[in-house]
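The values are calculated or read from the model by the stated rules, or taken from the named source; none is laboratory data. These figures come from a predicted structure and were not determined experimentally. Ideal geometry is used to build each Cβ from the backbone, glycine not excepted, and the neighbour counts take in all protein chains shown.
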Amino acid sequence: MSTQIANGDSRLSELSFWPRVREFAVPASMIETATARRLAGDWAGACAAAGIDVDLNLRSVARDYGRDVAARVRADLRHLAPDLLRWHMPRIAPDGLLRPGLTLALARYDGVGRGGGRPLQLVVRTPPAWADAGQRISLALWGGPRAGAAVGDEDASCRHPHPRPNRRFRLDLHRHLWDASRAGELRVRSGGIHGFQGLQGFRGFQGFQGFQGARGATFPSSRCAVDRWADEARILLRAEGRSEGAVLVRLGGRHRLVLELLGDSELRISATTKGRASALPVLPDAATWVLPDLELLRNGAIEAGRLHPLVASALVPDHAPPSRPARPTRPSLTEDRAGQPRLVECRGDRHRIGLVGGVLAPLDHDPAEIRREELLAALTGTPLPCLQAIDEAHRHPACLPDVRERLCHGDTAGALAVVEGLLGPDAVLRDGALRDELEAAARQRITYGLFRAGLAGPGPGRVRFAYDLYERGRSRDQRAHPRHATSPSP
């Protein structure tokens, strides 16, 4: 799904934005593990590998809705590729994080449901921004307030700010974005066969020129998937039980279009009125914009090997399907590219740095000298260059932006691997920016857990009893052991 850039519609911004998202948001290790578990028939394990929390119970579904409904839900879950779903989830600029507080429908089970005639729906939800930790997603069933309780989803619905499936962001009409058995449809549904022409192909349609003149609007025309709008509008109308009519197209926060299908070949585009727009079905966001992967491929900004394997096989059929190549390994701080200990210029000589007992230490200084230098540094003196290099590596390493990006996208294992590659697997982090980032990620996971348990509210000052107890206990522990209370041993 496309993501609107916060500071305008710059093509250069778009092309530089998505490669970073594709590199960090769905790491290759997640794809490999989730795929292996899915192929083994373990859909729950695949969801766990892809960072998706399951909030449904198939036994409860069978008890409350019947075995036939449970079988339909189970079939959809077995086809679910959670890593592919995460790949195509809506994202926001500037970091490419998942759109927060969103509920998307994956499948609708018409004729099933009790919430005022609403059909039962398989949905995924993203937490609100204040509770997000690791870009977790939850999977649930929703059929209205009452039906939610029957499938074990009532508590999650009550906690979520927007439990109702969003009309604009819906994937029940785009199963190829999450269903592994239909991933091959991506090439046709994204317009990959017919090429890319942008809005130029719609200049002749009735009402298009009038819309631009009447509204004076400018919107990202080069990224609109207008070559697919007619077909996608027909799919939407058929889902609504109609063969023709009008649908609403949302182009960003302000601009709206109305597409009117008049027969099999006639399409009219016009401006909207507020009263009319609210009653029209909304063209899904996945059908409104050009697929980012397709645009990146056409502009040479990404290689097919860096795409999700199911996406690459659909968009580039002749591409061999090996797994995504790993990023180049970074040299360790303790070793150079030749595998030798890292050298540092120290007092006119070249000294070595290596791991001693799991802690970075200078190898060419005796313990007594190191002890004197550490005491000197504690008294605001200037330590040895070797000690300065070690301290800088712990507090402000060159890999910090990489670690921060991985933590933001939930790739904790990848972030720790980067740290271990630089400092060693047993290195003890000191106070500094790197440790602060890791601790902040851990604290945010606690907030997310409290949100999931219904113990945290929607912002500062609304955190409930459990989180207050945690913080109070942590503060008491810190006061009981102040840093200055421990004197160095002689």
Scanning the range 349-400 residue by residue, the ones that are in contact (Cβ under 8 Å) with a residue 40 or more places away in the chain, of a type in the set (A, V, I, L, M, F, W, C) and buried (at least 17 other Cβ atoms within 10 Å of the Cβ) total 6
Ser29 fails exactly one of (1) of a type in the set (S, T, N, Q); (2) surrounded by fewer than 17 Cβ atoms within 10 Å (Cβ to Cβ); (3) out of contact with any helix residue (DSSP H, G or I) (no Cβ under 8 Å at 6 or more places or on another chain), namely (3)
Expected single match for in contact with a helix residue (DSSP H, G or I) (Cβ under 7 Å, 6 or more places away or on another chain) and of a type in the set (A, V, I, L, M) among Ala239, Ala230, Ala246, Ala225 is Ala225
The number of residues in the range 408-445 that are in contact (Cβ under 8 Å) with a residue 60 or more places away in the chain and assigned to a helix (DSSP H, G or I) is 11
Listed by first then second residue, the pairs whose first member lies in the range 247-268 and is free of Cβ contacts under 8 Å to residues at least 12 places away in the same chain, whose partner is buried (at least 16 other Cβ atoms within 10 Å of the Cβ) and assigned to a loop (DSSP other than H, G, I, E, B), with beta carbons under 7 Å and at least 6 positions apart or on separate chains, are none
Those residues of the range 33-42 which are in a helix (DSSP H, G or I) and surrounded by fewer than 21 Cβ atoms within 10 Å (Cβ to Cβ) amount to Thr33, Ala36, Arg37, Leu39
Exercise. Quick check, is Gly305 at pLDDT 85 or above and in a helix (DSSP H, G or I)?
Worked result: yes
Expected single match for in a helix (DSSP H, G or I), in contact with a helix residue (DSSP H, G or I) (Cβ under 9 Å, 6 or more places away or on another chain) and crowded, with 21+ Cβ neighbours inside 10 Å among Arg86, Arg78, Arg59, Arg63 is Arg86
Ala271 meets each of (1) modelled with pLDDT of 85 or more; (2) surrounded by fewer than 21 Cβ atoms within 10 Å (Cβ to Cβ); (3) in contact with a Leu (Cβ under 8 Å, 6 or more places away or on another chain) with one exception, condition (1)
Residues of the range 429-450 being charged (D, E, K, R) and within 21 Å of the chain's Cα centre (by Cα), in sequence order, are Glu437, Glu439, Arg443, Arg445
- Boolean, Val123 is at pLDDT 95 or above, buried (at least 23 other Cβ atoms within 10 Å of the Cβ) and over 25 Å from Ala413 (Cβ atoms): yes
Within the range 170-187, the count of residues that are among the aliphatic types (A, V, I, L, M) and more than 21 Å from Asp110 (Cβ to Cβ) comes to 3
Is it the case that some residue within the range 328-346 is buried (at least 18 other Cβ atoms within 10 Å of the Cβ), modelled with pLDDT of 70 or more and farther than 22 Å from Leu429 by Cα?
yes
Taking first residues from the range 297-316 that are without any contact (Cβ under 8 Å) to a residue 12 or more places away in the chain and second residues anywhere that are surrounded by 17 or more Cβ atoms within 10 Å (Cβ to Cβ), the pairs with Cβ under 8 Å that are 6 or more apart or on different chains are Ala312/Ala304
